Amino acid sequence: MPRITTTDLASHRDWRRSQLIEAAAALALESGGAAITVAAVASRAGLSRTSVYEYFASSADLAADLVIEELETFAHALASATSGETTPLGSIEKWIRTSLEYIADGRHLLAKALNAIDLPRNRAGQIGAAHRQLLAPLRAQLEAIGIQDCDAALALIQSVTDSASKRIESGNDAESVISSTTEFCIAGLQALAQ
């Protein structure tokens, strides 16, 4: 039995799980999502393959947890960025800018590496909820400026920011793309609110 170096068994299990998640993330960033196998993660973490199965049912289950954690980290960054804004439009603008800065500074590379993995279908609900959490800070702000169809407005914002993300990734000047995208979205939302 491995020696427990934390204060209790629960802390030890959390620490071990984090070790496995970090190992999987490193593999995905280095070699793509397909590199996340139980054997590779165990080797990277310095554990046996059977130890991985104590925490995850399969490599796909581990990858699903990694995707969810990455989405939660991104959602937290967006919520933190918008929390100090005092106006709805200021909050929306900050959300757009922060989401595109996340792309520009490379923090999205893990999510991109994981994009090609076939994730377990039984985890789709959790992953979908984590995706929806990214847009959560916007809904109340859209309602506050008088948008009637928030779902349509959210879809438009998502489409425009996805397009801007591709432009940033293809080498266009990030600050220019971020500024023009933010201005375009705010002007469009103001038109929808009238």
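The values are calculated or read from the model by the stated rules, or taken from the named source; none is laboratory data. Keep in mind that what you see is a predicted model, and the values were worked out from it rather than measured. Note: ideal-geometry Cβ built from the backbone for every residue, glycine included; neighbour counts use all protein chains shown. Just so you know, the surface numbers come from the protein's heavy atoms only, side chains and all, with ligands and any DNA or RNA stripped out. Shrake-Rupley method; radii C 1.70, N 1.55, O 1.52, S 1.80 Å.
Take Gly32 and decide whether it is on the phi < 0 side of the Ramachandran plot and open to solvent by less than 30 Å² (accessible area, probe 1.4 Å).
Working: on the phi < 0 side of the Ramachandran plot: no; open to solvent by less than 30 Å² (accessible area, probe 1.4 Å): yes.
The answer is no for Gly32.
Is it true that Leu119 is among the hydrophobic types (A, V, I, L, M, F, W, C), more than 15 Å from Thr182 (Cα to Cα), touching a helix residue (DSSP H, G or I) at 6+ places or on another chain (Cβ under 6 Å) and touching a residue at least 60 places away in the same chain (Cβ under 8 Å)? Quick ask: steps written out before the conclusion?
On the way: among the hydrophobic types (A, V, I, L, M, F, W, C): yes; more than 15 Å from Thr182 (Cα to Cα): yes; touching a helix residue (DSSP H, G or I) at 6+ places or on another chain (Cβ under 6 Å): yes; touching a residue at least 60 places away in the same chain (Cβ under 8 Å): no.
For Leu119, the condition - among the hydrophobic types (A, V, I, L, M, F, W, C), more than 15 Å from Thr182 (Cα to Cα), touching a helix residue (DSSP H, G or I) at 6+ places or on another chain (Cβ under 6 Å) and touching a residue at least 60 places away in the same chain (Cβ under 8 Å) - is not met.
Being open to solvent by less than 40 Å² (accessible area, probe 1.4 Å), in contact with a Ser or Thr (Cβ under 6 Å, 6 or more places away or on another chain) and touching a residue at least 24 places away in the same chain (Cβ under 8 Å) is the filter here; which residues of the stretch 80-106 pass it?
Scanning the stretch 80-106 gives Thr82, Ser91, Trp95, Ile96, Ser99, Ile103.
Gly188: open to solvent by 20 Å² or more (accessible area, probe 1.4 Å) and not in a helix (DSSP H, G or I), yes or no? Can you show your working first?
Numbers: open to solvent by 20 Å² or more (accessible area, probe 1.4 Å): yes; not in a helix (DSSP H, G or I): no.
Judged against the criteria, Gly188 is not a match.
When only residues in the stretch 107-125 that are surrounded by 13 or more Cβ atoms within 10 Å (Cβ to Cβ) and more than 13 Å from the chain's Cα centre (by Cα) count, which is nearest to His76 (Cα to Cα)?
Per the criteria, the residue is Arg123.
Residue by residue through the stretch 16-43, note down the ones that are under 18 Å from Ile68 (Cβ atoms) and among the hydrophobic types (A, V, I, L, M, F, W, C).
Scanning the stretch 16-43 gives Leu20, Ile21, Ala23, Ala24, Ala25, Ala26, Leu27, Ala28, Leu29, Ile36, Val41.
Check off (1) farther than 19 Å from His76 by Cβ; (2) free of Cβ contacts under 8 Å to residues at least 60 places away in the same chain for Gln141 and give me the number that stays unchecked.
Failed condition: (1).
If you check Gln126 against the conditions, is it modelled with pLDDT under 95 and over 26 Å from Glu69 (Cα atoms)? If you could, list the steps in order and put the result at the bottom.
Working: modelled with pLDDT under 95: yes; over 26 Å from Glu69 (Cα atoms): no.
So Gln126 fails the test.
Of Leu142, Leu156, which residue is open to solvent by 60 Å² or more (accessible area, probe 1.4 Å) and not charged (D, E, K, R)? First the steps, then the outcome.
On the way: Leu142 fails: open to solvent by 60 Å² or more (accessible area, probe 1.4 Å).
Result of the check over Leu142, Leu156: Leu156.
Identify, from the list Ala77, Ala25, the residue that is out of contact with any Cys (no Cβ under 7 Å at 6 or more places or on another chain), more than 12 Å from Leu110 (Cβ to Cβ) and surrounded by 13 or more Cβ atoms within 10 Å (Cβ to Cβ).
Details: Ala25 fails: more than 12 Å from Leu110 (Cβ to Cβ).
Matching residue, one of Ala77, Ala25: Ala77.
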